[in-house]
Amino acid sequence: MLIAPSILSADFAKLGEEVEAITKGGADWIHIDVMDGHFVPNITIGPCVVGAIRSHTNLHFDTHLMIDHPERYVPQFLKAGSDRICFHLEAAQDPAATLEKIHEGGAKTGIALKPGTPVEKVYPYLDKTDMVLIMTVEPGFGGQKFMADMMDKVKAIKEKCPQMLIQIDGGVNLETIGAAARAGVDVCVAGTAVFGKTDYAAAIHELKEKAHEALL
Ligand code: DX5
Ligand code: ZN
């Protein structure tokens with residue numbers, strides 16, 4: 001199981017240090033939550049912050065765009081140093097074209113589904129995207145409760161496309177990561193479960209241990 005701490009739960013007053021700390025603590029990816037106050041009722045950061053933290057780690061920048069018209073901002077997030085750009089199916093005018101634009105820029109892709117979006121909606125894009133992101137909370141905020149019924153979507157995709165990389169995002173912690181591992185999740189985003197702890201390395205290690213134990 002890969003762990004992608006979400007910097008939304010980090011101390012924004014010292015983001016560079018926080019990114020260095022989770023890198024040292026064994027994070028696999030850095031999950032960057034971009035929100036525009038339109039697609040979700042919250043506003044966070046933009047490409048300039050991605051660029052500012054890029055030099056603080058070599059880890060994979062997993063950029064989660066919770067914004068309207070994501071296709072308009074792909075070039076800026078590529079330039080800022082995103083290794084992967086995930087956008088919401090619900091926000092994309094032309095998902096296939098957006099996937100292509102991200103790939104042309106040399107980055108990996110992800111298509112994200114809100115909890116209310118049926119999993120079948122992503123099926124036409126399974127041969128075009130590198131990853132599917134199944135939201136396990138309503139996008140917009142960290143610290144929400146895990147929606148366990150979303151594991152049915154994970155199983156459905158795994159069955160239809162066994163080699164597809166699947167990420168879940170929202171409410172992942174020591175109590176919920178076991179169900180995710182058993183459903184076939186490959187990457188777990190964890191915000192409060194990491195940044196809410198004092199020892200980031202221990203938090204990441206314990207999450208990985210729990211995921212491993214669930215598969216024994
Ligand atoms: C929510 C974000 C998530 C969130 C995860 O809209 O996409 O990445 O920050 O935070 P936790 O792990 O605390 O639910
Ligand atoms: Zn996210």
Looking at the structure I just gave you, is Asp149 of a type outside the set (Val, Ile, Thr), within 15 Å of Thr176 (Cβ to Cβ) and more than 16 Å from ligand 2 (Cβ to nearest atom)?
yes
Looking only at the stretch 128-154, count every residue that is among the small types (Gly, Ala, Ser) and either closer than 15 Å to Val40 by Cα or buried (at least 16 other Cβ atoms within 10 Å of the Cβ) (or both) and tell me the total.
2
For the stretch 181-216, name all the residues that are closer than 21 Å to His60 by Cβ, away from ligand 2 (no atom under 15 Å from the Cβ) and part of a loop (DSSP other than H, G, I, E, B).
Gly184, Asp186
Mind checking whether some residue in the stretch 166-180 is more than 14 Å from ligand 2 (Cβ to nearest atom), in a helix (DSSP H, G or I) and surrounded by 22 or more Cβ atoms within 10 Å (Cβ to Cβ)?
yes
Restricting attention to the stretch 69-80, report how many residues are of a type outside the set (Gly, Ala, Ser) and crowded, with 17+ Cβ neighbours inside 10 Å.
6
Check the stretch 150-172 and report whether any residue there is under 14 Å from the mean Cα position of the chain (by Cα) and more than 22 Å from Ile30 (Cβ to Cβ).
no
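Taking the stretch 30-43 as the search range and keeping residues that are within 16 Å of ligand 2 (Cβ to nearest atom) and surrounded by fewer than 21 Cβ atoms within 10 Å (Cβ to Cβ), which one is farthest from Ala80 (Cα to Cα)? Steps first, please.
Filtering the stretch 30-43 down to residues within 16 Å of ligand 2 (Cβ to nearest atom) leaves 30-37, 39-43.
Add one more test, that the residue is surrounded by fewer than 21 Cβ atoms within 10 Å (Cβ to Cβ), and what stays is 36-37, 41-43.
Details: Asp36: 17, Gly37: 21, Pro41: 24, Asn42: 22, Ile43: 19 Å.
Per the criteria, the residue is Pro41.
No value in this document is a laboratory result; all are computed from the given coordinates. Here the structure is a predicted model, which means the values were calculated and not measured. FYI the Cβ positions are ideal-geometry reconstructions off the backbone, even for glycines, and counts take in every protein chain you see.
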